[in-house]
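Q: Pasting a structure below so you can have a look.
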Amino acid sequence: MRAVVVGGGLGGVSAAVALRAVGWEVVVLERAASFGEVGAGIGVMPNAMRALGVLGLADEVRRIGTGRVGGGVRDWRGRALVRVAAGEHVVAVHRADLHRVLRRALPERCLVTDTEVTAVDDLDADLVVGADGIWSRVREVLFPGLPRPVYAGATAWRSVTSVPFARDLEVNQTLGAGTEFGILPLGDDRVYWYAATVAPERGVVEGGEADPDGELGEVRRLVGDWHRPIGDLLDATPADAVLRHDIHELREQPPSYAKGRVALLGDAAHAMTPYLGQGACMAIEDGVVLAAALARFGTVAEALAHYDRERRPRGLAVARMSRLAGRFGHRLRNPAAIAARNTVLRALPSSAAVRGMSTFTAWRAPELSPDR
Ligand SMILES: Cc1cc2nc3c(=O)[nH]c(=O)nc-3n(C[C@H](O)[C@H](O)[C@H](O)COP(=O)(O)OP(=O)(O)OC[C@H]3O[C@@H](n4cnc5c(N)ncnc54)[C@H](O)[C@@H]3O)c2cc1C
C-alpha cells in the first residue's frame, strides 16, 4: 500500500515514520526547496513523547531536550504562581533537531522537495495525507466552503540564545498584562524563548532584522524590565535570529478529518493557538493514530472512519482549551482580573496544576501492531 503525504513539517514527517512502521510505502511531497524547520524551539509535551515512544524515537528526543528541571508560572516580577516539580513537564528541543531526528528514521527516497501539491485527484496513492499546515490546500480541496483560519489577536516572537545558560535554569512561563514570556532550556543549555502579546495583525518576519530596534527591540520594550533572567536571555540573543509570527487559528474545524482516501492531519486539520504548546504535539499524535488504524482495519475507508472518530473530538477539545488558556493567560489585561487570576493560581496546590495539565497530556498512544 502506498501513501502520499502532502507537506513535510513535523506532522508530515512523523506520519511518514508511523506509516512505514506499519508496512506502508510512503512519499512525502514538500513544496519548499529543502526539508527542515524554520523556527526556534518547540515544547514536546508528555502526550507527544508517548507518540514518539511508539515510533522508537523518544529516547533520542529526550537526549537533545530539556534536562530534569522544575518550573512553573510566574508574574512579571518573578513571583511564583504555580510550581511544577522536575520531570513533570515539557521537553523542549530545537525544531530543526526534532525534524532531523524524524527525517533520519526515513529513507532518503521517501522525501521529495520542491513539489507543491495543488490537487489530490491525480496523486498515485491508496492514501493521501494532507499535512500541509494551517493554510492547507488539501483541506481547501476537500472542504471548499470551510472558513479560512482567522487572526487570533496576538503576535509571537521566538528565538534561541546563542550561548548556553546555567544547567539548572527552569522551564518557566511568565504572565504579564496582555503579554507573556516563556523560557525553555534546550539539551545543550542554550535557551529557547518566546514572547506573545495582544496586538493588531502585522505579518511575518522570518530571519529577523539586524536592527536592534527591530523585533528584538520590540520584545525588549515589552518585557525588558521583567524578572531575571529575561533581560539576560534577550542580551544573549542575536538581533537577526528573532522570528515573529502572527497567531492564526482554524475557528471552524472541518466536519471530518477524512474524506474518500484523504486524511487531514496536524494544522491542516486543527490549527490551534499555541497557548498549550500542543499544535505539533497533536500532529505527532495524529500520525501514530492514523498508522495504528490502518494496521488494525481491513480497508482504508474503515481506518479513516476510525481515525476521524478518534481524532476530531480531541482536536476540537484541545483547540478549545488552548483558546481558553490564552484568554485567562496572557490575554488578560484588566488589573483586577489579573489579580483574581493570580490569587487562584497561587492557591492551587501544585498537584492540582499538574492534574489540570494532564487532562490533555494524559493521552495514551496506541500500539502500531500487537508485536511492537
Ligand atoms: C508561536 C508559536 C509557538 C508554538 N509552540 C508550539 C509548542 O511549543 N509545541 C507544539 O506542539 N506546537 C507549537 N506550535 C504549533 C506548531 O508550530 C504547529 O502546530 C505545527 O508546526 C504544525 O505542524 P504541521 O506539520 O501540521 O504543519 P507545518 O509545520 O505548517 O508544515 C506544513 C508543511 O507543508 C508544506 N506545504 C504547505 N503547502 C503545501 C503544498 N501545497 N504542497 C506541498 N507542501 C506544502 C509547508 O512548506 C510545510 O513544510 C506553536 C506555534 C506558534 C505559532
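Please treat every number below as a calculation from the coordinates, not as lab data. These figures come from a predicted structure and were not determined experimentally. Here the Cβ is made from the backbone with ideal geometry for all residues, glycine too, and neighbour counts use every protein chain on show.
Q: Hey, got the Cα dimensions of the range 1-150 along the principal axes, in Å, largest first?
A: 57, 36, 25
Q: Which one, G87, P144, A32, projects farthest toward the positive side of the charge dipole computed for the range 2-361 from Cβ point charges (K/R +1, D/E -1)?
A: Positive-most Cα among the choices belongs to G87.
Q: Among S159, S256, rank each residue by its count of other Cβ atoms within 10 Å, from fewest to most, as a rough exposure measure.
A: Taking fewest neighbouring Cβ atoms as first place, the list is S256, S159.
Q: Treating only the Cβ atoms of Lys and Arg (+1) and Asp and Glu (-1) as charged, compute the dipole magnitude of the chain about its Cα centre; round to the nearest 20 debye.
A: With Lys and Arg at +1 and Asp and Glu at -1, about 1480 debye.
Q: Can you tell me the Rg and Dmax of the range 62-107, counting just the alpha carbons, in angstroms?
A: 14.9, 49
Q: Right, another one. R31 label point, 7 Å along Cα→Cβ, cut-off 20 Å on backbone N: hits in the range 108-125?
A: Residues 111-124 fall inside that zone.
Q: While we're here: So, R0 is 45 Å and r is the distance between the beta-carbons of V163 and A340; what FRET efficiency does that work out to, to 0.05?
A: Working from the Cβ atoms, E equals 0.70.
Q: So, one more: Give me the orientation-averaged projected area of the Cα convex hull of the range 104-185, in nm², one decimal.
A: For the Cα atoms of the range 104-185, the hull's average projected area reads 10.2 nm².
Q: I would also like to ask the following. Regarding the range 78-128, what is the average projected area of its C-alpha convex hull, in nm²?
A: 7.9
Q: For the charge dipole of the chain, defined by +1 on Lys and Arg C-beta atoms and -1 on Asp and Glu C-beta atoms about the Cα centroid, which residue among S351, G9, V219 has the Cα displaced farthest towards the positive pole?
A: Highest projection toward the positive end goes to S351.
Q: Now for a different question. I want the antiparallel fraction of DSSP beta bridges within the range 2-361, as a percent rounded to 5.
A: 65
Q: Assign unit charges at the C-beta atoms only (+1 for Lys and Arg, -1 for Asp and Glu), then state the dipole size of the range 189-321 relative to its Cα centre in Debye, rounded to the nearest 20.
A: 900
Q: In whole angstrom, note down how far apart the Cα centers of the range 280-354 and the range 60-109 are.
A: Going from one Cα centre to the other spans 18 Å.
Q: So what's the range 2-361 giving for Rg/Rh, alpha carbon basis, Kirkwood Rh from the mean inverse pair distance?
A: Rg divided by Rh gives 0.96.
Q: Once all Cα-Cα distances of the range 1-73 are split into 5 Å bins that start at 0, what whole-number percent is in each one?
A: Spelled out bin by bin, the range 1-73 gives 3, 13, 21, 21, 19, 13, 5, 4, 1, 0 percent.
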